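Before any comments, here is the structure.
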Amino acid sequence: MTGTDIPLTGILQVGVTDRTRKRRTLGEASERGKWWRFALILVIAAVVLVPIVSVVILALTPSLGSTATGLTLENFTQVFTLTNVGAWLGNSLTVTLVTVLVAVTVAAPAGYVLSRGRSRLISSYSLVLFIVQSLPVVTSVIPLFILFASIGLVDNLVGITIIYVGSTMSVAIWMMAAYFDSIPITLEEAAWMDGTSVFGSFTRIVLRNSLPGILSTAIFSFLLSWNDYLVAAVFLRSDGNYTLPVGLETFFQQNQTNWGLVMAVAVIMMLPPVILFSVLNRYFSVGGIGGSLAGR
């Protein structure tokens, strides 16, 4: 061995040391990146939650002239006993649930046809849906009002339910078609070889593996009809037929507004979506059928 020769063990030790340092540096950078992401998410969550927390606190704060002290449910008691909030809540729930049921029932088979069909007629149908969903509802409010007034559907919950179903249908069909595209058609072909009909494979295979897509469509339809103000304000006239967004407007007066009652109704409006997301959150999954074709 000459004086310039380096032992093999020394070379290996140097290489291991360099790799260890690189890993340590990358690990520290990754940890710093995680903290930055966590801090950013925390700030965004705070910005989103602060208004909601403020609404809840104001709803639990005694109104002007009240003898109650501290946090109280007095505002909620007043809105249910002195106003028609109970009827408005029932109207909103009825209209919303019917809209969700009809939208999902129609959008599921329509989305399946859009996903699996390969013809000019279906392509034209897809183009029409794309155009329809790009149009805002406000462009059709006046023509619909004139039409519905002639057939007695103004100031009627049936009328706004029809409008909600029509306004959600195009997007709902696109959402269902997009999820059906993620389900391999090979699963249906295997069922067809076993003698299952097209409708049978749709109900037994496609729909059974489409729960996240169905829930996403249902939640979209729910939020669109639950939060709508424009259509309800134009078509509803009687206090007993109001939905919650329109009924909330009646609490605003020209000279004085009882903000405690307003915030109480706002909290009531927030509860159904919060409950819905809390209950259905566990049913959402990613890649639920990823292993369905294993071994094929």
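The table below lists the values:
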{"item": "Tabulated pairs, region 70-89, first in contact (Cβ under 8 Å) with a residue 60 or more places away in the chain and part of a loop (DSSP other than H, G, I, E, B), second surrounded by fewer than 17 Cβ atoms within 10 Å (Cβ to Cβ) and among the polar types (S, T, N, Q), C-beta under 9 angstrom, 6+ apart or interchain", "result": "Thr83/Thr250; Asn84/Thr250"}
{"item": "Every residue from region 162-201 that is farther than 24 Å from Val128 by Cβ and among the charged types (D, E, K, R)", "result": "Glu188, Glu189, Asp194"}
{"item": "Tabulated pairs, region 150-172, first not assigned by TED's automatic domain parsing to the domain that holds Tyr112 and part of a loop (DSSP other than H, G, I, E, B), second at pLDDT 90 or above and surrounded by 17 or more Cβ atoms within 10 Å (Cβ to Cβ), C-beta under 8 angstrom, 6+ apart or interchain", "result": "none"}
{"item": "Qualifying positions in region 175-200 - in a helix (DSSP H, G or I), buried (at least 16 other Cβ atoms within 10 Å of the Cβ) and modelled with pLDDT under 85", "result": "Leu187, Glu188, Ala190, Ala191"}
{"item": "Selected residue [loosely packed, with under 12 Cβ neighbours inside 10 Å and either in contact with a helix residue (DSSP H, G or I) (Cβ under 6 Å, 6 or more places away or on another chain) or modelled with pLDDT under 85 (or both)] from Gly117, Gly70", "result": "Gly70"}
{"item": "Criterion (in contact with an Asp or Glu (Cβ under 8 Å, 6 or more places away or on another chain) and of a type in the set (Gly, Ala, Ser)) met by exactly one of Ser216, Ser225, Ser150, Ser201", "result": "Ser201"}
{"item": "Unique match (being closer than 19 Å to Leu101 by Cα and of a type in the set (A, V, I, L, M, F, W, C)) among Val262, Val234, Val206", "result": "Val206"}
{"item": "Test: residue in region 22-34 that is out of contact with any strand residue (DSSP E or B) (no Cβ under 7 Å at 6 or more places or on another chain), modelled with pLDDT of 75 or more and either assigned to a helix (DSSP H, G or I) or closer than 18 Å to Met263 by Cβ (or both)", "result": "no"}
{"item": "Search result, residues across region 78-109 that are modelled with pLDDT under 90 and crowded, with 19+ Cβ neighbours inside 10 Å", "result": "Val79"}
{"item": "Of residues in region 158-169 being small (Gly, Ala, Ser) and buried (at least 19 other Cβ atoms within 10 Å of the Cβ), the one modelled with the lowest pLDDT", "result": "Ser167"}
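The values are calculated or read from the model by the stated rules, or taken from the named source; none is laboratory data. These numbers were taken from a predicted model, which means no experiment stands behind them. With ideal geometry, Cβ positions are generated from the backbone for all residues, glycine too; neighbour counts draw on all protein chains shown.
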